[in-house]
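Nothing in this text is a laboratory measurement; each read-out follows from the coordinates by a stated rule. Note that the structure is a prediction, hence the values are computed from the model and not measured. Glycine also receives a Cβ, built like all others from the backbone with ideal geometry; neighbour counts cover every protein chain displayed.
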């Protein structure tokens, strides 16, 4: 347990038809304050998305998720939210919303390497 730090993560969900409340896991976002890490990994399986909704604009979803990446990276490319501190950016990204891109409740953990944990969670929940 030595040198392990806390982290929080949420699963990023695509909700093609919000009124149906059905979703696909498309990514994971992870934050560790002590390691100064905020990262997101995502992948959209277009065949699965089309099974839920033939009308969805997959390229629009990619643009939204790339905007989330920019917010994670911080700075001007992330807009006003990107200029906030890392913890505030994470809280904004995982806030409850009723749009087609949502996140699960956050979950805590302990780790040595948040980037490795992000990859492991991505493998488990998305792929």
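Laid out as a table, the results:
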{"quantity": "Test result for residue 71, buried (at least 19 other Cβ atoms within 10 Å of the Cβ) and out of contact with any helix residue (DSSP H, G or I) (no Cβ under 8 Å at 6 or more places or on another chain)", "calculated": "no"}
{"quantity": "Answer from 80, 48, 54, 33 - the residue that is without any contact (Cβ under 8 Å) to a residue 60 or more places away in the chain and surrounded by 14 or more Cβ atoms within 10 Å (Cβ to Cβ)", "calculated": "33"}
{"quantity": "Any hit, segment 98-110, residues being more than 13 Å from the chain's Cα centre (by Cα) and either part of a helix (DSSP H, G or I) or free of Cβ contacts under 8 Å to residues at least 24 places away in the same chain (or both)", "calculated": "no"}
{"quantity": "Condition broken by residue 51, with the remaining ones in (1) touching a strand residue (DSSP E or B) at 6+ places or on another chain (Cβ under 8 Å); (2) outside any strand (DSSP E or B) satisfied", "calculated": "(1)"}
{"quantity": "Scan of segment 74-92 for residues that are touching a helix residue (DSSP H, G or I) at 6+ places or on another chain (Cβ under 6 Å) and in a helix (DSSP H, G or I), ordered by number", "calculated": "77, 78, 81, 82, 89, 92"}
{"quantity": "Some residue of segment 52-64 being closer than 18 Å to residue 123 by Cβ and out of contact with any helix residue (DSSP H, G or I) (no Cβ under 8 Å at 6 or more places or on another chain)", "calculated": "no"}
{"quantity": "Condition met for residue 117 (surrounded by 15 or more Cβ atoms within 10 Å (Cβ to Cβ) and closer than 13 Å to residue 13 by Cα)", "calculated": "no"}
